[in-house]
Amino acid sequence: MLRKLVLRVVLAAVATAVSLGAWASPSVIKIGTLYASSGYFSQASTRQYDGLKFWVRQINAKGGVYVKAFGKRIPVKLIAYNDQSSTMLAASLYNRLITQDRVHTLVADYGSVLTSVAVPLAQEHRIVLFDETGTSGKFFRPENRNRYIVLTGLPTSSQWPKVLAKFMHSKGIRRVAILYAANDWSGSQAKTLNQTLKQDGVDVVYFHSVPDSTTSYSTILHSIAEYKPEAVAEFGYSDNDIAFVQDYANSGLYFPMVFIPNPALHFEVVRKAVGNKALRYIYSYVAPPIIRYNREVTYGPTLNEFKAAYAKAGGKNVDLSTVAGFNTGLIIQKALATAPKFTQESIRDAIDKFSGKIFTLDGLFKVNRYGAQVGEFLPVGQVLPTKTGVALKAVFPSESAVAKAVYPAPRNK
Amino acid sequence: MVVAITVLAYVFIPYGYNNQFLLFNMMMYMALAQGLNIIYGYTGYLPFGYVGFFGAGAYGSALVIIYLHWSPFPAVLLGGLAAVLVGMLLIPLFRLSGAYFSIANLAAAEALYYIIANPHLASVTQGPYGISLPQVYDPNAAYWTMLAILVFALILSGLMRRSRFGLALGAIRENPVSAEMAGVNVVRSRAIAWLLSAFIAGVSGAAFGWYISVFYPETVFSLSITVFAIVFVLFGGSGTLLGPLVGTLVLYGAYNYIGISTPQYFQLTYGLLIILLVLFLPSGLTSLLRKRGIDVP
């Protein structure tokens with residue numbers, strides 16, 4: 001009888017110990033990420049990484065991130081490796097973060113190319129991948145049956161030009177030329193714009209791609225001019241946009257509207273490369289920090305507060321990547337603060353629960369069931385002259401507009 | 001012996017080391033280095049565009065999986081055949097020699113990249129939007145397939161080295177005219193070596209695509225793949241079975257170690273390593289053994 005009792009007590013003690021072990025709080029919350037200090041994506045990647053690092057510093061200054069599952073704050077440890085913009089190296093390093101460093105949360109590097117290799121890995125290891133700026137639509141297809149991805153910083157790239165199409169329609173533009181660099185990001189935007197304009201009855205008179213490496217657009221611009229478009233939209237990476245605008249400025253050609261995407265992402269980079277005059281009256285998207293979400297913010301600092309704190313901490317050059325990095329930290333923070341269990345499934349479920357209910361400095365955070373960002377949208381902006389130079393200002397839609405669009409652009413700018 | 005040690009290593013290391021993709025990449029580069037060794041080490045032709053075969057294999061395999069719903073194993077073989085097909089198209093490049101051959105080969109690989117990434121062919125190749133293969137994602141099966149490819153490459157390379165065919169290739173490398181006069185069918189021998197080399201790169205690319213399951217044209221046509229394979233062969237010692245293996249092990253190991261421990265000095269350290277190699281060991285690490293009279297397999 002006594003033996004049985006002792007056995008039961010021992011078994012109960014073991015069961016309790018095992019149960020407590022499973023729920024024992026970690027001494028640190030390990031967040032694993034990659035950044036590129038060299039290569040094609042280095043500029044945006046390092047800024048995105050800086051934004052995430054800043055969030056880690058801020059949250060640790062408060063004693064760590066609040067984890068609901070343990071009812072207390074736990075310090076955050078950021079484990080980051082340099083993938084040098086190489087997908088091969090990135091895949092190996094993501095693998096290392098998951099299998100060797102055993103991070104609790106995985107954050108992808110900048111852009112779709114460096115995110116792509118993390119998607120199947122995260123799905124296989126059932127760890128939520130916080131995708132900051134990897135906007136390729138193919139990461140979020142229903143047939144992937146992937147619950148372990150959440151796009152935090154931007155909408156999927158195919159959604160970006162929808163407002164642009166509406167703007168063109170509102171201006172009565174009937175003839176549009178679309179030129180794009182042959183990559184996923186540019187191609188999916190071009191494709192959406194083409195389809196949306198055609199649905200609106202707009203005549204897409206020119207729809208062609210160029211290789212990513214294109215740096216001379218003079219001949220192409222003259223070919224486009226032969227179709228007499230009222231608007232020209234060029235989609236490409238920064239280098240493509242810069243070369244396009246420089247060649248347009250030097251060509252002597254005139255189009256009533258010219259659109260390029262990168263001023264929204266790296267305004268200063270583009271401005272410094274092409275100069276104020278060439279950039280005047282060019283259209284682009286508008287994204288934080290150019291569009292300032294302050295009054296709307298319901299979670300985390302407003303954009304102005306963030307910029308002030310970032311500058312105080314010695315940070316420079318806040319751009320969309322910096323905001324996206326910081327915003328990812330906020331989403332992780334909210335997920336840990338609301339997930340009842342410290343498991344990946346619980347964290348993912350928690351994200352679904354607060355999706356659509358929080359507004360951060362990056363906009364409305366809302367993801368669909370496949371993890372694609374559907375809350376944020378990108379208004380149309382125009383580079384307008386100011387007393388000190390030029391500035392990109394939101395001009396459409398009216399609820400986001402802070403300036404009136406100058407259309408058609410002045411011939412002699 | 002070399003093959004057995006390699007197999008044992010890749011069978012047992014995963015039990016103690018979790019980063020499977022690093023091991024996969026190591027195997028992949030070892031296979032590519034052996035494939036490159038067959039054409040460069042044995043015949044002296046250095047193809048800068050070797051990655052073209054790798055990309056052709058990745059895409060050939062992925063497209064039959066997507067459109068014809070092939071299972072991955074035959075698709076990997078077909079990836080190899082796709083690379084062989086590209087290799088056959090490029091055989092006329094052998095009319096060139098030295099740097100001209102290398103550069104023309106690089107241009108061919110770039111042309112292939114632009115064809116695949118062309119948005120107007122998106123309905124066939126998926127263009128710049130890349131490939132996604134969630135339906136066959138199985139990294140473990142891809143890992144063992146890569147090991148089989150490596151074993152095949154090692155056995156092939158080892159057999160060639162000791163065979164009459166290998167000797168014929170060696171004669172071509174030293175002097176094609178003399179080899180021809182000695183009765184070697186230069187055109188045929190060189191073409192066979194070229195296609196075998198292409199096949200190894202093709203199946204490696206196919207297995208790589210299967211392993212990562214999501215990739216873009218720029219991922220599988222990245223020039224860095226060729227550069228790594230060439231550097232690994234040169235560092236270890238071309239024309240040997242062991243050289244490319246040792247070169248990959250040391251340099252790819254260092255690449256990953258430095259990339260993690262001191263990423264800020266990565267390019268500097270790696271560059272210095274290569275400069276030291278060129279200055280002091282132009283025939284690769286295995287030349288140290290040969291100088292001491294040790295026969296290097």
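FYI, it's all coordinate maths here, none of it is from the lab. Keep in mind that what you see is a predicted model, and the values were worked out from it rather than measured. A quick note on method: Cβ atoms are made from the backbone with ideal geometry, for glycine too, and the neighbour counts reach across all protein chains shown.
Report the relative contact order of chain A, percent, no decimals, based on alpha-carbon pairs under 8 angstrom and at least 6 residues apart.
Relative contact order, chain A: 17 percent.
Go ahead and estimate [θ] at 222 nm for chain A from helices alone: -39,500 (n - 2.57) per DSSP H run with n ≥ 4, summed, over the residue count, rounded to 500.
-12500 deg cm²/dmol
Select from chain B the helices, each a whole stretch of DSSP H, whose alpha-carbon atoms run 18 Å or more along the helix axis and whose Kyte-Doolittle mean is at least -0.5; answer none if there are none. Each step should come with its number before you reach the end.
Details: long enough: B:2-16 (21 Å, 2.05); B:20-36 (24 Å, 1.16); B:51-67 (24 Å, 1.60); B:72-89 (25 Å, 2.07); B:98-116 (28 Å, 1.19); B:139-162 (35 Å, 1.16); B:186-212 (39 Å, 1.27); B:223-236 (20 Å, 2.68); B:242-261 (28 Å, 1.11); B:266-280 (21 Å, 2.38).
Helices passing the filter in chain B: B:2-16, B:20-36, B:51-67, B:72-89, B:98-116, B:139-162, B:186-212, B:223-236, B:242-261, B:266-280.
Arranged from highest to lowest average of other beta-carbon atoms within 10 Å per residue, in what order do the peptides B:268-276, A:79-87 appear?
Output ranking for B:268-276, A:79-87: A:79-87, B:268-276.
Let me know the mean shielding of B:107-120 by other chains, meaning the per-residue number of their Cβ atoms within 10 Å of its Cβ. Intermediate results must be reported in sequence, preceding the final value.
Details: counts 0, 0, 0, 2, 0, 0, 1, 4, 0, 1, 7, 3, 12, 3.
Averaged over the peptide's residues, the number is 2.
Under the rule of at least 5 residues apart or a separate chain, name every residue whose amide H is placed under 5 Å from the amide H of B:ILE131.
Those qualifying (amide H under 5 Å, at least 5 residues apart or on another chain) are B:PHE215, B:TYR216.
Under the Karplus relation 6.51 cos²θ - 1.76 cosθ + 1.60, θ = phi - 60°, what is the ordered set of whole-Hz ³J(HN,Hα) values for region A:95-105, x standing for Gly and Pro?
In residue order, the calculated couplings are 4, 5, 4, 6, 8, 9, 7, 6, 5, 7, 9 Hz.
Counting DSSP beta bridges in chain A, what percent are antiparallel, to the nearest 5?
35
If you take every residue apart from A:ALA108 with its C-beta less than 12 Å away from the C-beta of A:ALA108, what net charge results, scoring Lys and Arg +1 and Asp and Glu -1?
Taking every other residue near A:ALA108 into account, the sum is -4.
Using modelled amide H (1.01 Å from N, peptide plane; none on Pro or chain starts), what sits under 5 Å from the amide H of A:PHE207, excluding residues fewer than 5 places away?
Here the answer is A:ILE178, since their amide H atoms fall under 5 Å of that of A:PHE207.
Go through A:88-98, B:1-11, B:244-254, A:364-374 and give me the packing order, highest mean Cβ count within 10 Å leading.
The densest-packed peptide leads the list: A:88-98, B:244-254, A:364-374, B:1-11.
Which order results if B:PHE266, B:PHE232 are arranged by neighbouring Cβ count within 10 Å, fewest first?
The fewest-first ordering by Cβ neighbours comes to B:PHE266, B:PHE232.
Using each residue's phi in region A:293-298, evaluate 6.51 cos²θ - 1.76 cosθ + 1.60 at θ = phi - 60° and report the 3J(HN,Hα) Karplus result to the nearest Hz, with x for Gly and Pro.
Ordered by residue, 3J(HN,Hα) equals 8, 10, 5, 6, 5, 10 Hz.
Given a Förster distance of 35 angstrom, what is the FRET efficiency for A:ARG411 paired with A:LYS162, based on the Cβ-Cβ distance and rounded to 0.05?
Calculated value: 0.75.
Can you compute the modelled spin-label distance between B:ARG290 and A:THR386, with each label point 7 Å from Cα toward Cβ, in nm?
6.6
Report, to the nearest 10°, how far helix A:42-61 tilts away from the longest principal axis of the Cα atoms in chain A, using its own Cα long axis and a range of 0 to 90°.
Once rounded, the angle reads 40 degrees.
Quote the FRET efficiency, to the nearest 0.05, computed for A:ASN317 versus B:SER97 with a Förster distance R0 of 41 Å and r equal to the Cβ-Cβ distance.
0.20
If amide H atoms are built 1.01 Å from N in the plane of the peptide, which residues on other chains or at least 5 residues away come under 5 Å of the amide H of A:PHE259?
A:VAL232, A:ALA233, A:GLU234, A:TYR283
Hey, how many Å between the Cα centroid of region B:121-194 and the Cα centroid of region A:306-374?
48
Working from Cα positions, state the angle (0 to 90°, nearest 10) between the long axis of helix A:2-23 and the longest principal axis of chain A.
20
Once the piece of chain linking B:LEU121 and B:LEU85 is laid out straight, how much longer is it, given 0.36 nm per residue of separation minus the C-alpha distance between them?
That works out to 11.0 nm of additional length.
Could you compute the net charge surrounding A:GLU124? Neighbours are other residues with a C-beta less than 14 Å from the C-beta of A:GLU124; K and R count +1, D and E count -1.
Net charge around A:GLU124: +2.
Using Cα-Cα distances under 8 Å and only pairs 6 or more residues apart, what relative contact order does chain B have, in percent?
29
Between B:GLN135 and A:LYS228, how high is the FRET efficiency from 1/(1 + (r/R0)^6) when r is the Cβ-Cβ distance and R₀ = 56 Å? Nearest 0.05.
Efficiency at R0 = 56 Å is approximately 0.75.
Could you give the nm distance between label points at A:ILE79 and B:GLN264, where each point is 7 Å from its Cα heading toward the beta carbon?
2.2
Order the peptides B:154-163, B:86-95, A:325-334 from the highest to the lowest mean number of other Cβ atoms within 10 Å of their residues.
Result, highest mean first: A:325-334, B:154-163, B:86-95.
Under a crude label model (7 Å from the Cα following the beta-carbon direction), how far is A:ARG102 from A:THR298 in nanometres?
Taking the two extended label points, one gets 3.8 nm.
Specify the residue with the greatest mean-square fluctuation among B:PHE208, B:PHE54, B:PHE12, computed from a Gaussian network of chain B linking alpha-carbon atoms under 10 Å apart.
B:PHE12
Excluding A:ARG292 itself, calculate the net charge of residues whose Cβ lies under 12 Å from the Cβ of A:ARG292, where each Lys or Arg counts +1 and each Asp or Glu counts -1.
Summing Lys and Arg as +1 and Asp and Glu as -1 gives 0.
Among A:ASP212, A:ASP319, rank each residue by its count of other Cβ atoms within 10 Å, from fewest to most, as a rough exposure measure.
A:ASP212, A:ASP319
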